[in-house]
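In what follows, a structure is listed as structure tokens, so that the remarks can point back to it.
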Amino acid sequence: MTDLADLCRHHGITTEYDDPHGEGSRPVPEATLRLILRKIGVDPDGAPEGPAAPQEMQVPEDGICHFPDWLDRAPSWGIFCQLYELRSARNHGIGDFRDLAEMARIAGRAGADFLGVNPLHALFLGDPDRRSPFFPSTRSFLNPVYIALDDLPGHEAGDLDGEALRAGDLVDYDAVVPAKLKALRAAFDRQPFDDDEADFEDFVKRGAEPLRRHALFEALSLAMVAEGHGSGWKGWPEALRDADSPEVAAFADRNAEEIRFHLWLQWRATRQLDEAQACALEAGMRIGLYLDLAVGEAPDGSASWSGGEVQMTGLAVGAPPDVFAAEGQYWGLSAFNPGTLRKLDFAPFRDMIGAQLAHAGALRIDHAMALWQLFLIPEGEPASAGAHLRYPFSDLLRVLAQQSRAQNAVVIGEDLGFVPPGFREAMQAANILSYSILYFEKEDDRFRAPQEYSPTALACLSTHDLPVLERWWAGEDIALRRKLGLVGEEDSDAHEKGRARERRALLDAMRRAGALRGRLPRQKEMPREVLVAAYRYLARSRAALVGVRLADMVGPQAPTNMPGTVDDYPNWRPRAPIDLSRIATHPDFRAVTSMMRRERRRDA
């Protein structure tokens, strides 16, 4: 084991990790170490060869991301929303790219410099229930379900009943996805182009083999589902699991028009997303759309089927055991193979980042620590059997920075959870903004004052995994975790008492900062003044950007996602309670955005 341990250290694989209960360290199983070594192309029984994995996070001179001069002079703000939650009188039960354009106009007119949305990655058209935007089939292509049907030349209103799909308070993916796909196919069959077919052909040419393979995967996935197989390639007949097999080539020959349809879907989605970005900039935003990048991809999706050895099959991304999860966390996502990335001069990573920044002025990288290391778990094993694998930090940073500068795009790194020592300092040196959440910006029972926030950060009240302020104030997130059995009775009781202390501490902090003045009315519900005061508190912080959550102002108040649940809670389904046309005049929207304009003036 000594030789194996030396070999692992040479290649940046941890052989132990801290016990969450403070009882020393836990060794990583030998089988895990050997599996990871084999996956990165190293003989587990051989001697260390080649350069050792980096021990320090070195930021190269050409690894500095874009940071606009105007943002350095005057901190700014924007709005976050979930695209699918937007409600309009013309969409088909799920927010679409035309809704995104209209929301960008509303936000821009209100003074926002960006509009952030959930990941727009392609999911699984053949299995609508696989709806998490953070568990995509691929991160390099878009979800066609967001295409606005009424912006297509071949669409006819009678193709589907939009009113029925719009009726509920939750997105009905099982109804919406097949209905929209059928309508999209009808529009394609009827009139796929106006006078823009040449643009489509150029798009396909530029997308080259990666785009063709994704379209082929989409066609195969739907065909397999129709035959009773799974939407992911691991549930297909053996001969079709290899993208280069003769059987796959024969399918492609027989289904050329179906593949062309999926190429057309990506073209239409790309054009509509670009139009939304143009609307954002025309509305006065200086950043525009702010997209989100998931940390990995589904192990049975387009990326792993199309990319060959670029994806590390047999290993899943997760988190090691800690005080919050004694057995660790198994996220189930596949990750890039660092050895293959090097062989390909990081082209897959470069293309993936470029695919996001081609349509946006900012990019949030979920679990940004993946630039340095990932916790990898053998498939079928508990998370406690995993180990950290070091990634080529400097090389990845260089590619990310090149793409950022080429597109004049701001980069934000979500750095929550376990953050390795020195990581935030390296992010700062690379002009990558960190992520500061008010709920967590505390020292014991004291909330950090605005002047204690980092100037190289994006500050917000909460994220998609956390409650809106009114629900947090009422402790409804604690009650829901108790109800779902995610937290025991004793701990839930303690959390409720802790929340009462947090409410008092937050009020004290806001008053000290001058963000809240006067007496609050005696009432059970959160006074509306608290919402404005909380965002004023963040607006007065040193953070370069502040994100205002649309759901805080106009709803939905129901949690977006309850971590630790799959079917017990309707994750990624709650819809806004009001139409887009009423957002700009909503009293909370007007109160918060007018305050943000005053506190973070563009001409400051």
Task: So Arg542, is it in a loop (DSSP other than H, G, I, E, B) and farther than 30 Å from Tyr173 by Cβ - done: yes
- [ ] Show the residue pairs that are 6+ apart or on different chains and have beta-carbon atoms under 6 Å apart, the first residue being within region 94-123 and within 30 Å of Pro178 (Cβ to Cβ), the second being aromatic (Phe, Trp, Tyr) and modelled with pLDDT of 95 or more.
- [x] Ile94/Tyr84; Gly95/Tyr84; Asp96/Tyr146; Phe97/Tyr146; Gly116/Phe80; Gly116/Tyr290; Ala122/Phe141
Open item on the list: Of everything in region 95-117, what is in a loop (DSSP other than H, G, I, E, B) and surrounded by fewer than 24 Cβ atoms within 10 Å (Cβ to Cβ)? Give them in sequence order.
Closed with: Ala110, Gly111
Open item on the list: I'd like the residue in region 583-604 that is over 18 Å from Ala558 (Cβ atoms) and β-branched (Val, Ile, Thr) and, out of all such residues, is surrounded by the fewest Cβ atoms within 10 Å (Cβ to Cβ).
Closed with: Thr585
Open item on the list: So in region 274-290, with the set limited to residues that are touching a helix residue (DSSP H, G or I) at 6+ places or on another chain (Cβ under 7 Å) and surrounded by fewer than 23 Cβ atoms within 10 Å (Cβ to Cβ), which one is nearest to Phe141 (Cα to Cα)?
Closed with: Glu275
- [ ] Return only the number of the condition from (1) under 28 Å from Val566 (Cα atoms); (2) touching a Ser or Thr at 6+ places or on another chain (Cβ under 9 Å); (3) modelled with pLDDT of 95 or more that Ala243 does not satisfy.
- [x] (1)
Task: Top-ranked residue of region 447-476 - restricted to ones that are aliphatic (A, V, I, L, M) and buried (at least 22 other Cβ atoms within 10 Å of the Cβ), ranked as farthest from Ala558 (Cα to Cα) - done: Ala457
TODO: Determine which single condition Arg271 fails, assuming it passes every other condition in (1) of a type outside the set (S, T, N, Q); (2) assigned to a helix (DSSP H, G or I); (3) buried (at least 23 other Cβ atoms within 10 Å of the Cβ).
DONE: (3)
Open item on the list: Just to be sure I understand, how many residues within region 200-233 are in a helix (DSSP H, G or I), of a type outside the set (Lys, Arg) and either without any contact (Cβ under 8 Å) to a residue 12 or more places away in the chain or over 13 Å from Trp264 (Cα atoms) (or both)?
Closed with: 14
TODO: Answer yes if at least one residue in region 376-392 is in contact with an Asp or Glu (Cβ under 9 Å, 6 or more places away or on another chain), at positive phi and not charged (D, E, K, R), and no otherwise.
DONE: no
Task: Set Asp202, Asp150, Asp196, Asp174: member being more than 26 Å from the chain's Cα centre (by Cα) and within 27 Å of Ser132 (Cα to Cα) - done: Asp150
Open item on the list: For region 304-334, which positions are modelled with pLDDT of 90 or more and in contact with a Pro (Cβ under 8 Å, 6 or more places away or on another chain)?
Closed with: Ser306, Val310, Gln311, Gly314, Leu315, Ala316, Tyr330, Gly332, Leu333, Ser334
Task: Unique match (being surrounded by 17 or more Cβ atoms within 10 Å (Cβ to Cβ), out of contact with any helix residue (DSSP H, G or I) (no Cβ under 6 Å at 6 or more places or on another chain), in contact (Cβ under 8 Å) with a residue 40 or more places away in the chain and under 19 Å from Ala347 (Cβ atoms)) among Ser384, Ser404 - done: Ser404
TODO: State yes or no: is Ala558 surrounded by fewer than 23 Cβ atoms within 10 Å (Cβ to Cβ), outside any loop (DSSP other than H, G, I, E, B) and in contact with a strand residue (DSSP E or B) (Cβ under 7 Å, 6 or more places away or on another chain)?
DONE: no
TODO: Give Ala183, Ala175, Ala187, Ala179 a once-over and let me know the one that is among the small types (Gly, Ala, Ser) and free of Cβ contacts under 8 Å to residues at least 60 places away in the same chain.
DONE: Ala187
Open item on the list: Can you list the strands (runs of 3 or more DSSP E) lying wholly within region 1-92 that have 3 or more residues being crowded, with 16+ Cβ neighbours inside 10 Å?
Closed with: 76-80
- [ ] Can you run down the residue pairs with Cβ atoms below 9 Å, 6 or more apart or on separate chains, where the first is in region 534-561 and over 17 Å from Pro133 (Cβ atoms) and free of Cβ contacts under 8 Å to residues at least 60 places away in the same chain and the partner is β-branched (Val, Ile, Thr) and in a helix (DSSP H, G or I)?
- [x] Met553/Val592; Met553/Thr593
Open item on the list: Can you confirm whether Ala186 is in contact with a helix residue (DSSP H, G or I) (Cβ under 7 Å, 6 or more places away or on another chain), among the small types (Gly, Ala, Ser) and either in a helix (DSSP H, G or I) or farther than 14 Å from Leu263 by Cα (or both)?
Closed with: yes
Open item on the list: If Val411 satisfies all but one of (1) surrounded by fewer than 20 Cβ atoms within 10 Å (Cβ to Cβ); (2) at pLDDT 95 or above; (3) not charged (D, E, K, R), what's the number of the condition it fails?
Closed with: (1)
- [ ] Output the number of the condition that Gly314 fails; it satisfies all remaining conditions of (1) touching a Lys or Arg at 6+ places or on another chain (Cβ under 8 Å); (2) surrounded by 21 or more Cβ atoms within 10 Å (Cβ to Cβ).
- [x] (2)
Open item on the list: Is it the case, given these coordinates, that Phe141 is part of a helix (DSSP H, G or I) and closer than 25 Å to Glu275 by Cβ?
Closed with: no
- [ ] State the number of residues belonging to region 561-582 that are buried (at least 20 other Cβ atoms within 10 Å of the Cβ), among the hydrophobic types (A, V, I, L, M, F, W, C) and over 18 Å from Gly93 (Cα atoms).
- [x] 0
Task: Within region 561-589, tally of residues that are closer than 17 Å to Leu469 by Cβ and either part of a helix (DSSP H, G or I) or touching a Ser or Thr at 6+ places or on another chain (Cβ under 7 Å) (or both) - done: 4
Open item on the list: So Ala243 ticks every box in (1) part of a loop (DSSP other than H, G, I, E, B); (2) in contact (Cβ under 8 Å) with a residue 60 or more places away in the chain; (3) under 19 Å from Pro178 (Cβ atoms) but one. Which box is left unticked?
Closed with: (3)
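The values are calculated or read from the model by the stated rules, or taken from the named source; none is laboratory data. Computed from a predicted model, the values in this text were never measured in an experiment. Cβ atoms come from the backbone with ideal geometry, glycine included; neighbour counts cover every protein chain shown.
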